[in-house]
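For reference, the structure discussed in these notes is given below.
Only the coordinates and a few stated rules stand behind these numbers; no lab work does. Since we're looking at a predicted model, the values are computed, not measured. Cβ: placed from backbone, ideal geometry, glycine included. Neighbour counts: every protein chain shown.
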Amino acid sequence: MASLLASIGGVFLYSADPPALAKWYKEHLQLTFDFQQEGSHYGKAFAYVPLGEDLAQSAIVWSIGKLEDDMVGTGRQRATVNYRVHDMAAVKAHFESLGTALEPKHYPGEGYFAHVHDPDGNKLELWQDQFVYEDHIKA
């Protein structure tokens with residue numbers, strides 16, 4: 001069976017003090033940010049070319065955001081991994097076949113997003129990139 005996942009879409013860290021955490025990463029890892037909303041969000045896009053694709057460039061997002069209850073899982077989780085999927089409709093059908101409801105939402109210009117928790121309570125974000133997989137988007 002082929003994997004439903006295409007790649008990692010991003011790593012999202014959440015903090016009660018995003019500026020302090022961003023400063024630490026900047027100082028310790030010399031990370032520069034491609035985009036930021038001062039005081040609440042800092043991000044970096046790491047460009048790459050997926051294996052087997054001729055120069056079709058993509059990016060993995062790395063970001064720090066303000067800690068808000070609805071952005072992370074339960075308990076002490078402070079990070080969310082965003083998984084790119086090939087076909088959200090197929091992922092939805094697969095989850096439902098396993099007895100887990102999945103309700104993807106469409107965000108124009110970005111694609112489809114759905115959230116699910118693993119057995120440990122970690123929140124996972126599933127994403128079908130509108131631009132890379134546009135021919136697979138199903139209403």
Which residues qualify? For Asp34, with a placed amide H closer than 5 Å and at least 5 residues away or on another chain, they are Gly43, Lys44, Ala45
Specify which residue in the list Tyr14, Gly99, Leu124 is farthest towards the positive end of the charge dipole of segment 5-136, using unit charges on the beta carbon of Lys, Arg (+1) and Asp, Glu (-1), about the Cα centre. Tyr14
Based on the mean of other beta carbon atoms within 10 Å per residue, what is the order of 97-105, 19-27, 121-129, most packed first? 121-129, 19-27, 97-105
For a label point 7 Å from the Cα of Leu5 along Cα→C-beta, name the residues of segment 79-105 whose backbone N is under 11 Å from it. 81-85
Among the DSSP beta bridges whose two residues both lie in segment 8-66, what percent are antiparallel, rounded to the nearest 5? 65 percent
Step through the residues of segment 33-42 one at a time and calculate ³J(HN,Hα) from phi using the Karplus curve (6.51 cos²θ - 1.76 cosθ + 1.60, θ = phi - 60°), rounding each to whole Hz and writing x for Gly and Pro. 9, 7, 8, 7, 10, 3, x, 9, 8, 9
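Given R₀ = 22 Å, FRET efficiency for Glu53-Phe95 by Cβ-Cβ distance, to 0.05?
Between Glu53 and Phe95 the formula returns 0.25.
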How many lysine pairs does segment 5-136 hold where the Cα atoms are under 26 Å apart and the two sit 8 or more places apart or on different chains? 13
Kindly work out what percent of the DSSP beta bridges joining two residues of segment 5-136 are antiparallel, to the nearest 5. 75 percent
